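These notes concern the structure reproduced below.
Rule-based calculations on the coordinates, nothing more; no lab input. This one's a predicted model, so the numbers in the text were calculated from it and none came from an experiment. Neighbour counts are summed over all protein chains in view; Cβ atoms, including those assigned to glycine, are modelled from backbone coordinates with ideal geometry.
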Ligand SMILES: NC(=O)c1ccc[n+]([C@@H]2O[C@H](COP(=O)([O-])OP(=O)(O)OC[C@H]3O[C@@H](n4cnc5c(N)ncnc54)[C@H](OP(=O)(O)O)[C@@H]3O)[C@@H](O)[C@H]2O)c1
């Protein structure tokens, strides 16, 4: 039984890691500055491009860019399910005292080496285990806050141009992202949470609705462990919030550029907030908020590093194209702006 559970855990962890590596590799190869790779670079851009940076001779194999909303519908439903199940499981495994959590966090970071990038933490103490489960709940709460805001924005803030398109492969990658990203945040507890959910379902089926004991819910014990996590979670949460707020502002600026319906297809130079320093501040903010998630995870889970690597690669590629597009389109484009990383790129 124990061996089966280890195999199951390793299976899902390695499957998710392999998926991230497969998604990162084409971007990594396309970023190598070699003339031999020019056509591969164009191919990757053709698949990853959208809206103003999509260069395709025909609309074959494309979907409207407003289908971006589907990512957040899927992301919100899936993150909510993962969060609700993991949270219920965390409540069942009993909250821990603040001192215990704190000591466990410090110990795991002082010993840094023993846990860093370990793929199966089979020798966790009960306190370390509880800390790991509650940390997954915390990461999923942050993800939920992000996908819900993006869902609202894609319906009420962005005004997609009717001619803006997205390659079907880019669309599938978006669906992949919002399925695998929330899972990556809780992958090291996913097998035990799945077993917990399966046992609840089995009880429900065997006993029927009327005879299944409703799980007791105590708001204090469901929330207090989240307030007692360690410094990494606090610092990561603050960085996440910083990126989240700037992305919200930058999206509001983009949405305000087409207030008049006659401007539905127009592109205008955006101003304000981080737009004063880079061309794609909403992409930079996304990288910052995923960095917050990475720090809040403690940085010991390689799957979350891969998730962050994908976000950086994908958005840096799109930001470079966007910046070149602005420079071609507007003669008066502000010369002090970088593509995505201030003073660097
Ligand atoms: N995590 C990831 O890997 C990932 C991947 C992709 C996107 N995202 C996030 O999703 C968000 C949206 O990404 P996106 O690629 O769709 O952004 P985008 O291409 O900048 O488009 C966002 C919206 O703003 C409009 N817009 C952009 N520039 C404009 C301008 N100069 N004038 C007028 N309207 C303009 C677009 O119009 P059109 O409809 O005409 O294009 C679209 O409606 C970003 O914050 C990004 O970080 C994340």
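Run the numbers for residue 234 and residue 332: contour at 0.36 nm per residue of separation, minus the present Cα-Cα distance, in nm.
Details: separation 98, 0.36 × 98 = 35.28 nm, distance 4.22 nm.
Roughly 31.1 nm would be gained on extension.
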Subject >> Top of 145, 302, 205 by mean-square fluctuation, Gaussian network on the chain, Cα under 10 Å >> reply: 205
**OP:** For helix 231-256, report the angle its Cα long axis makes with the longest principal axis of the Cα atoms of the chain; keep it between 0 and 90° and round to the nearest 10°.
**Re:** 30
Original post:
So if we plug the beta-carbon distance of residue 25 and residue 195 into 1/(1 + (r/R0)^6) with R0 = 45 Å, what FRET efficiency do we get, rounded to 0.05?
Top reply: 0.85
**OP:** Take the alpha-carbon centre of region 133-181, take the same for region 260-280, and report the distance between them in whole Å.
**Re:** 21
**OP:** For the chain, set up a Gaussian network in which alpha carbons nearer than 10 Å are linked by springs, and say which option among 86, 303, 125 fluctuates the most.
**Re:** 125
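Among 283, 160, rank each residue by its count of other Cβ atoms within 10 Å, from fewest to most, as a rough exposure measure.
Working: 283 23, 160 19.
Going from least to most buried by this count: 160, 283.
Let me make sure I get this right: for the chain, a, b and c are the square roots of the gyration tensor eigenvalues over alpha carbons, sorted descending. Under 1.5 in a/c it's rounded, otherwise prolate if a/b > b/c, else oblate. Which is it?
Working: a/c = 1.88, a/b = 1.78, b/c = 1.06.
Since a/c reaches 1.5 and a/b is larger than b/c, the shape of the chain is classed as prolate.
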Subject >> Nearest-0.05 FRET efficiency for residue 123 and residue 155, computed from C-beta distance (R0 56 Å) >> reply: 0.75
Original post:
In nm, to one decimal, how far is the modelled label at residue 60 from the one at residue 203, with both set 7 Å along Cα→Cβ?
Top reply: 5.6
Original post:
Under the definition of Cα pairs under 8 Å and six or more residues apart, what whole-number percent is the relative contact order of the chain?
Top reply: 26
Subject >> Footprinting exposure proxy for 337, 328, 165 (fewest neighbouring C-beta atoms within 10 Å first) >> reply: 328, 337, 165
Original post:
Helix 38-48: angle to the longest alpha-carbon principal axis of the chain, degrees 0 to 90, nearest 10?
Top reply: 60
Original post:
How far is helix 2-30 tilted, in degrees, relative to the longest principal axis of the Cα atoms in the chain, given as a value from 0 to 90 rounded to the nearest 10?
Top reply: 10
Original post:
What is region 124-259's relative contact order, in percent, from Cα pairs under 8 angstrom and six or more apart in sequence?
Top reply: 53
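Fewest first, what order do 83, 166, 327 take by the number of other Cβ atoms within 10 Å? Before the final figure, lay out each step's value.
Numbers: 83 20, 166 23, 327 14.
Result, fewest neighbours first: 327, 83, 166.
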